[in-house]
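The values are calculated or read from the model by the stated rules, or taken from the named source; none is laboratory data. Worth saying up front: this structure is predicted, and the values here are computed from it rather than measured. Positions of Cβ are generated from backbone atoms using ideal geometry, with glycine treated the same way; all protein chains shown enter the neighbour counts. Ligands, DNA and RNA are excluded from the accessible area calculation, which covers all protein heavy atoms including side chains. Shrake-Rupley method; radii C 1.70, N 1.55, O 1.52, S 1.80 Å.
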Amino acid sequence: MFPGPLPTNGFLAAALGLLLTHMSCSSLAVQDIPPIAAYFGTKTRYEEVNPHLLRDALSVRPSVLKPPSAERCSPVHLTAVIRHGSRYPTVKNIRRIQKLSELVRKEASRGSERWLQDVQTQWETWYTEDMDGQLVAKGREDLRQLARRLAVLFPSLLSEENLRRGRISFLSSSKHRCVSSVEAFQEGLRQHWDAHAAPPPDVEYSHGVDDQLMRFFEHCRGYVEGVEKNRTALLEVEKFKHGEEMEGVRRRMAERLGLPHHRLTPDLVEAAFFLCSYELSIKSLHSPWCFLFDESDAKVLEYKSDLKQYWKRSHGHVISSLSSCPLFHHVFRTLDKAGRPPSILVGHAETLLPLLSLLGFYKDQTPPTASNYHSQHGRSFRTSQIVPYAANLLFVLYDCQRGPRLQLLINESPVRFPGLELEDAPLYRDVRATFRHLLDGCDFHSECEGRTGGRGPNTEL
């Protein structure tokens, strides 16, 4: 639908030609995405969760907002908890990539396949340690585009006036990738309103930094001692890392590279897998490293990543989710005062996963372990789908005829609260009743410190 008069035939033909060219380029781009792109765990692109964004990065689906059609409702508040955008590898992975690259260049057999020749002779590591997890240009664009889409969904809340007058609250983790992400989100809002209204006067947008809120896991002694520093907490991950499925991936990769099997450690296998993910998320490239893995290999490596996140950040140990009590209470205190400005909170995958677990999401009947990989293919706990780069939890409060209602969207798709599965946007009082045990409890000091100095891992799931 055109916003103004219908174009002339010549204009229409030109516009259609441009559109077809754009669609053709998009199709080519989609075809060149590695088949394993949807299995990169927390290193997955946001577009793999929402493929329609590959065709139009600003595409908005108003139908995701689902207040009851029988009531007149309007959104009166938005709290968004957002993960930072695409980033460079951390120093640990950069060193592994360098070690892998050197091993392949010096010891791998010369292959006849083009991708193998590229890996051995053409590809050179360009990652340097000073990159250490910093936001990349694509990551800034992730957040700008998310901001522009949300401004379309919530024009009265993320309005130009609210932005200009400082009526939108912005908080971030202190990590540079999060600070850069919140700044990019603000840029995206500015871009949206510049395109839809007279440019506002130059305003310097501010944001707060709060690690107690966005990096709560570092401040929870029960978590740090019971999980982070506890060698037995991730026992399932270690078992799987050296188990039959991972050994199969390692053997096949060694054969494809012409390397002795013992020269490839599980960490180097994972480094090659991550290399494929980084080249895609940073440069939009189908890297030659991707050809080392087929879909079955990728599923094994995704499962290994999911095991780590499950046992370190999610339902594996009860203290992991309870460590997010400060963020849980902050969200509900904000919702309780519907007149408060929209709240944009930017953190990490480690910020979102514990909160989602505390709310009861993605808790499969049978927990993932090192020994049940083949029965876990239908699991809901897939970090590739839950916390890709720029992942987001959107708490939308509506003013409706029967009272306030709350809807939750995860990665811009509607989900229903556990225990309230009959409605997309249940009455807010019903949401509060469902989480009453947490609202009345979930005390950070008692859960994280306790009288004995911390709560150990949960051994009964």
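Would you say residue 81 is modelled with pLDDT of 95 or more, under 30 Å from residue 262 (Cα atoms) and of a type in the set (A, V, I, L, M, F, W, C)? Before you say what the answer is, go through the steps one by one.
Numbers: modelled with pLDDT of 95 or more: yes; under 30 Å from residue 262 (Cα atoms): no; of a type in the set (A, V, I, L, M, F, W, C): yes.
Criteria not met by residue 81.
Among the residues making up the range 175-193, those that are closer than 24 Å to residue 217 by Cα and open to solvent by 10 Å² or more (accessible area, probe 1.4 Å) are 175, 176, 177, 179, 180, 183. Condition check for residue 330 on (1) within 24 Å of residue 163 (Cα to Cα); (2) within 18 Å of the chain's Cα centre (by Cα); (3) not basic (Lys, Arg): one failure, at (2). Within the range 400-411, residues that are on the phi > 0 side of the Ramachandran plot reach partners that are among the small types (Gly, Ala, Ser) with beta carbons closer than 7 Å, at six or more positions or on different chains, in the pairs 411/391.
Which residues, taken from the range 13-53, are at pLDDT 50 or above, open to solvent by less than 50 Å² (accessible area, probe 1.4 Å) and in a helix (DSSP H, G or I)? Before you say what the answer is, go through the steps one by one.
The initial filter retains those residues of the range 13-53 that are at pLDDT 50 or above, namely 29-53.
Going one step further and asking which of them are open to solvent by less than 50 Å² (accessible area, probe 1.4 Å), we end up with 33-34, 36-50, 52-53.
Those that are at pLDDT 50 or above, open to solvent by less than 50 Å² (accessible area, probe 1.4 Å) and in a helix (DSSP H, G or I): 37, 38, 39, 41, 42, 43, 46, 47, 48, 49, 52, 53.
Filter the range 334-375 for residues that are part of a helix (DSSP H, G or I), of a type in the set (Gly, Ala, Ser) and under 18 Å from the mean Cα position of the chain (by Cα) and give the result. Please lay out each step first, then the result.
In the first step, residues of the range 334-375 are kept if they are part of a helix (DSSP H, G or I); the result is 334-336, 349-358, 373-375.
Now restrict to residues that are of a type in the set (Gly, Ala, Ser): 349, 357, 375.
Selection gives 349, 357.
Per the listing 308, 283, the residue uniquely over 29 Å from residue 370 (Cα atoms) and charged (D, E, K, R) is 283. Within the range 316-365, being open to solvent by less than 10 Å² (accessible area, probe 1.4 Å) and of a type in the set (Val, Ile, Thr) holds for 319, 331, 334, 344, 346, 351. Test residue 439 against the stated conditions and say whether it is in contact with a helix residue (DSSP H, G or I) (Cβ under 7 Å, 6 or more places away or on another chain), under 21 Å from residue 326 (Cβ atoms) and at pLDDT 95 or above. So residue 439 fits the description; yes. Looking only at the range 206-217, which residues are in a loop (DSSP other than H, G, I, E, B) and surrounded by 16 or more Cβ atoms within 10 Å (Cβ to Cβ)? Passing the criteria: 207, 210, 215. Is it the case that the range 305-313 has a residue that's over 19 Å from residue 418 (Cα atoms), more than 18 Å from the chain's Cα centre (by Cα) and of a type in the set (Lys, Arg)? No, the range 305-313 contains no residue that is over 19 Å from residue 418 (Cα atoms), more than 18 Å from the chain's Cα centre (by Cα) and of a type in the set (Lys, Arg). Here residue 320 qualifies as closer than 30 Å to residue 360 by Cα, touching a residue at least 24 places away in the same chain (Cβ under 8 Å) and of a type in the set (Ser, Thr, Tyr). Output yes when any residue across the range 275-289 is free of Cβ contacts under 8 Å to residues at least 60 places away in the same chain, assigned to a helix (DSSP H, G or I) and out of contact with any helix residue (DSSP H, G or I) (no Cβ under 9 Å at 6 or more places or on another chain), and no when none is. Looking through the range 275-289, none of the residues is free of Cβ contacts under 8 Å to residues at least 60 places away in the same chain, assigned to a helix (DSSP H, G or I) and out of contact with any helix residue (DSSP H, G or I) (no Cβ under 9 Å at 6 or more places or on another chain). Among the criteria (1) closer than 26 Å to residue 240 by Cα; (2) at pLDDT 95 or above, the one residue 429 does not fulfil is (1). The condition (being of a type in the set (Ser, Thr, Tyr), under 25 Å from residue 341 (Cα atoms), open to solvent by less than 40 Å² (accessible area, probe 1.4 Å) and out of contact with any helix residue (DSSP H, G or I) (no Cβ under 8 Å at 6 or more places or on another chain)) is satisfied by just one residue among 398, 428: 398.
How do the helices (runs of 4 or more DSSP H) wholly within the range 71-154 filter down when requiring 3 or more residues that are buried (at least 21 other Cβ atoms within 10 Å of the Cβ) and in contact with a Pro (Cβ under 8 Å, 6 or more places away or on another chain): which remain?
Values: elements: 91-107, 114-117, 137-153.
Counting at least 3 such residues, we get no helices (runs of 4 or more DSSP H) at all.
State whether the residues of the range 432-450 include one that is on the phi < 0 side of the Ramachandran plot, within 26 Å of the chain's Cα centre (by Cα) and open to solvent by 60 Å² or more (accessible area, probe 1.4 Å). Within the range 432-450, not a single residue is on the phi < 0 side of the Ramachandran plot, within 26 Å of the chain's Cα centre (by Cα) and open to solvent by 60 Å² or more (accessible area, probe 1.4 Å).
Scanning the range 218-242 for residues that are assigned to a loop (DSSP other than H, G, I, E, B) and surrounded by 17 or more Cβ atoms within 10 Å (Cβ to Cβ) gives 220, 233, 234.
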